[in-house]
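Heads up: the structure comes next, in structure tokens.
The values are calculated or read from the model by the stated rules, or taken from the named source; none is laboratory data. The structure presented is a predicted model; accordingly, all values stated were derived computationally and were not measured. Here the Cβ positions follow ideal geometry from the backbone for every residue, glycine too, while neighbour counts run over all protein chains shown. Keep in mind that these areas ignore ligands, DNA and RNA; they rest on the heavy atoms of the full protein, side chains included. Shrake-Rupley method; radii C 1.70, N 1.55, O 1.52, S 1.80 Å.
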Amino acid sequence: MKHQDALNQLARETERARKSLMLERALGVGFWLAFAVGAWAAFALVGGHAMLPLLLQSLTVIGALCAFGWLAWRGRKAWRTPSEAEARARLAADSHLDAGAFEALRDRPSRYDVFAVALWKREQEQAYQRVEKARARGAQVQLDHVDRYKARYVLLALLALGFVVARGDSVDRLARAFLPDPGPLLGDQEMQVEAWVTPAEYTHAAPISLSDRLGQRVETPPSVEATVRVTGPTGAPVLVFDGSGEHRPARFTRAADGAWEARLEIPGAGRLKIVRFHTRGAWRIAPAPDARPAARFTAPIAFLPDERATIAWQASDDFGVRHLVLRVTPVNPPAGLAHAAPIDTEIQAPAGDPREAEGQSELELADHPYAGMEVEARIVAIDALGQEGASDALRVTLPEKVFLQPLARAAIEIRRHILSDRRPYRPAPRERVRTMNSGDTLLGNDRIEVRDYDRNPPLRRAPEGVRRGARLLDALMMAPEDGYFRDLAVYLGFRYARSELAAAEDIDATKIAADILWRTALRAEYGGAADTRVAMEEAQRALAEALRNGAPPERVRQLVEALRRATERYMQALVQEALRNGERENMEDTEEQTSISGRDIQEMLEEVQRLAEQGRTEEAQALLQMLAGIMANLDARLEQSESGQGEQGDQQQMQQGMDQLNQTLGEQRALRDDTQQRQEQQQQNGQGGGGGEQQGGQGGQDLADRQAQLQQGLQAARRMAEESGAAPSDDLDAAGQAMRQAENALRRGDLEGAEAAQNAALEHLREGAEAMAAEMRENGRQGQRQEGNSGARDPLGRMLQGGGVGEGDTQVPTQADPVRAREILEEIRRRAQDPNRPEAEREYLRRLLDRFSDGGT
């Protein structure tokens, strides 16, 4: 061993010996301080300190701290730090060596002759060997000279007993014993505690008192709320819950009677305590577990003809079933639905959160996003805590509603594209923020942020199905002025859905557009009465459910009133629908039928309410089913009425086409006159109009544009006439061909050829209009003969008395003769368009048409 290594080894062992000496002396000097602290802690742990009055508790803590300080001062005076020599002597004693065994390491030769140096080296080597074997022992605790009677062992036993007695309150008891409570010094009195826990309403459990159970374990139902009221403190305490991985505080507030009050939701098992500088009171709260609910199908899902499903189910939960849903997942989803979440449809659950329930429910599945797809259906029961229990899966194919109207089918097709691709939007690109000067003349240092939402519209980031739906909407609304959208509400529905797709920032926002498209399809298919019909059916189902579950009379009365209002709105919608469709003649029949049914329905609803109040629920349910049959009969009678009066509706549409044709005829005549005038002007200017071709801009490009618009008007008139059932007209075909020839001649600048073609078009238009008028008169006569052979019936199928107003044999017509009025108007139009009649007579006939044509038609 080298000399330096020996010195380092000696220094390490000497330091260990010094520490052992310091620990032995510290135990000897501080024994009574440690004994006093331990005795005070044992006194606090066993509850002795907590039994003292509140003020005395604070004073005794202060006195104990003073005593501890005096004992520490005494020990500090008696303390003596071990020296280097004492540490080496302790090391030599621990190594069983002489006290000066290590002094040779510091010696130097007295002479530097050969004998003296050899002797010094030999002594050095022996010192190295002693240092290598030297080891300091640990501290030897010898307290018998301080504690002759072994009181330290009694103290340790008391401390162990105290921790057992205190259990979870040991930390709080020690804190109160060693940290003075300033509350009593600030005026706090003894705290009086009034506390209870209120279980959640769904548990149907009574409140549990905590006032007489301070410091105890309290078992409660799940989901409780603690209410604590205290008196005594001058300041506001804090109610604290620790447990279940949470720390929840709630500060007390003054109640009306002057007490401090606090409320706190208890999320699970834990410790509830009142803190005012220290813990003044505590409880160990142990809520009971809440198991998950269970659900199952009791029968296969049955589908009804009107896209409804009957679901038989059974559900149970230890504290009650709160919600029921039908969870649907596609079996073989397309790529856009591969990662889509299941769709839940709410099922009306029994009232009162029953622990066990079984029933049968009907669901409207026509508007389900997965309609027409094979799916896995599950019944999911949900309790008040939101826990779910799902049944085994049933594989079924959801029904799909069939639409017949073209616009309705288009809306459903676009909706299907949107709902069949639920992949998320691509992330939006990061854009550099652009700013511009605000133009502040005073400082000129303000900037305005410029945002261009059209630069990167959200629709570009949408999945393919959503973008395809937007393109289809754009194509459908490309030319709305062509008369394809007869119902403005349908067009606005498509426009609204397109704007929602443009504004959607994520895939969930596109559901709004899908819902709008569904409502638009219903409007296009059924008209405005569709929404009121759905509302009436919902009111009928709610009333039937209430009667089946034995609802109280007040609830039945409310539902009967709701059904009455829904029925009235539906009746009004039928009349308004007839008005919107231009069925002014049919409106009176519709009003009469709805008024008759309204009186019957009113009487039946009053009878339903009376039977329910008397407890005769089965009779009330049977009467309600009869009411549903009457409403279905009303729909059937109105549809028959509309089909029987379809010819009259066709007459109206044919009349509209006739009006359009007359308007086109007049405008064509005016255009022919303008063409003649333009030709005369050119001849006067020396340009010559004798069949030569000129540049279109000089010959009449504006006249050619007018001629093209007239041709479009003729096409619209022909389309309306053909849709109303009119026979194809060769004269109108020839008129359209003559109009195209006139347009081409005008674009070439051939005004003379254009005039000849326009004259031919006028002749064919006049002949076609006369043929259409004759067909309208014949159809009107046939309709009158059919009406004379048919008897009127009410919506219940009963014969109505008489066909007109009045008594006896004389029958006063209930409406004007529309066919005769149209014949008169057509004769006036024909004479007004006859160029062989005097101009004064034609002008007079035109004024008659301007005055009476709108009201007469």
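Worth a mention:
Residue-by-condition table, conditions (1) out of contact with any Gly (no Cβ under 6 Å at 6 or more places or on another chain); (2) polar (S, T, N, Q); (3) open to solvent by 60 Å² or more (accessible area, probe 1.4 Å); (4) within 22 Å of Gly69 (Cβ to Cβ):
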site	(1), (2), (3), (4)
Arg12	yes, no, yes, no
Leu21	yes, no, no, no
Glu24	yes, no, no, no
Gly28	yes, no, no, yes
Ala44	yes, no, no, yes
Leu52	yes, no, no, yes
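- Within region 192-206, the only residue that satisfies the criterion of being open to solvent by 90 Å² or more (accessible area, probe 1.4 Å) and either part of a loop (DSSP other than H, G, I, E, B) or aromatic (Phe, Trp, Tyr) (or both) is His204.
- Qualifying residue in region 374-381 (condition: under 27 Å from Thr520 (Cβ atoms), touching a residue at least 40 places away in the same chain (Cβ under 8 Å) and open to solvent by less than 60 Å² (accessible area, probe 1.4 Å)): yes
- Test result for Ala411, assigned to a helix (DSSP H, G or I) and either surrounded by 21 or more Cβ atoms within 10 Å (Cβ to Cβ) or of a type in the set (D, E, K, R) (or both): yes
- The residue list Ala299, Ala291, Ala256, Ala250 contains one member that is out of contact with any helix residue (DSSP H, G or I) (no Cβ under 6 Å at 6 or more places or on another chain) and under 30 Å from Met51 (Cα atoms), which is Ala250.
- With respect to the stated conditions, Ser211 is open to solvent by 20 Å² or more (accessible area, probe 1.4 Å) and at pLDDT 85 or above.
- The residues of region 320-337 that are more than 30 Å from Ala200 (Cα to Cα) and part of a strand (DSSP E or B), listed by number, are Val328, Thr329, Pro330.
- Here Pro424 passes the criteria (1) at pLDDT below 90; (2) assigned to a loop (DSSP other than H, G, I, E, B); (3) closer than 28 Å to Ala371 by Cβ except the one numbered (1).
- Some residue of region 666-677 being in a helix (DSSP H, G or I), modelled with pLDDT of 80 or more, surrounded by 19 or more Cβ atoms within 10 Å (Cβ to Cβ) and among the hydrophobic types (A, V, I, L, M, F, W, C): yes
- Among the residues making up region 743-755, those that are touching a residue at least 40 places away in the same chain (Cβ under 8 Å), open to solvent by less than 60 Å² (accessible area, probe 1.4 Å) and either aliphatic (A, V, I, L, M) or under 17 Å from Leu710 (Cα atoms) (or both) are Leu746, Leu751, Ala754, Glu755.
- Put simply, of Glu693, Glu639, Glu680 the only residue that is open to solvent by 40 Å² or more (accessible area, probe 1.4 Å), modelled with pLDDT of 65 or more and charged (D, E, K, R) is Glu680.
For every residue, the table says whether it meets (1) open to solvent by 20 Å² or more (accessible area, probe 1.4 Å); (2) in contact with a Ser or Thr (Cβ under 7 Å, 6 or more places away or on another chain); (3) modelled with pLDDT under 85; (4) assigned to a strand (DSSP E or B).
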{"position": "Trp283", "(1), (2), (3), (4)": "no, no, no, yes"}
{"position": "Pro289", "(1), (2), (3), (4)": "yes, no, no, no"}
{"position": "Pro300", "(1), (2), (3), (4)": "yes, no, no, no"}
{"position": "Pro305", "(1), (2), (3), (4)": "yes, no, yes, no"}
{"position": "Asp318", "(1), (2), (3), (4)": "yes, no, no, no"}
{"position": "Thr345", "(1), (2), (3), (4)": "yes, no, no, yes"}
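- Enumeration of residues in region 205-244 that are in contact with a helix residue (DSSP H, G or I) (Cβ under 8 Å, 6 or more places away or on another chain) and among the small types (Gly, Ala, Ser): Gly215, Ser223, Gly235
- Taken over region 473-504, the criterion of being buried (at least 16 other Cβ atoms within 10 Å of the Cβ) and assigned to a loop (DSSP other than H, G, I, E, B) is satisfied by Phe485, Asp487, Ala504.
- Applying the set (1) touching a Ser or Thr at 6+ places or on another chain (Cβ under 9 Å); (2) assigned to a strand (DSSP E or B); (3) of a type outside the set (A, V, I, L, M) to Glu219 leaves exactly one unmet item: (1).
- Of Ala377, Ala351, Ala371, Ala341, all but one fail to be small (Gly, Ala, Ser) and modelled with pLDDT of 90 or more; the exception is Ala377.
- Matching residues, region 360-389, being part of a strand (DSSP E or B) and closer than 23 Å to Thr203 by Cβ: Val380, Ala381, Ile382, Glu388, Gly389
- Taken over region 244-279, the residue count meeting the criterion of being open to solvent by 50 Å² or more (accessible area, probe 1.4 Å) and either in contact with a strand residue (DSSP E or B) (Cβ under 8 Å, 6 or more places away or on another chain) or of a type in the set (A, V, I, L, M) (or both) is 13.
- Region 538-554, residues that are of a type in the set (Asp, Glu) and surrounded by fewer than 17 Cβ atoms within 10 Å (Cβ to Cβ): Glu538, Glu554
- Residue in region 81-94 that is open to solvent by 50 Å² or more (accessible area, probe 1.4 Å) and at pLDDT 80 or above present: yes
- Region 163-191, residues that are under 26 Å from Ala41 (Cα atoms), outside any helix (DSSP H, G or I) and in contact with a Ser or Thr (Cβ under 6 Å, 6 or more places away or on another chain): Pro180, Asp181, Asp188
- Among the residues making up region 555-587, those that are of a type outside the set (S, T, N, Q), open to solvent by 80 Å² or more (accessible area, probe 1.4 Å) and modelled with pLDDT of 75 or more are Arg555, Arg557, Arg565, Glu568.
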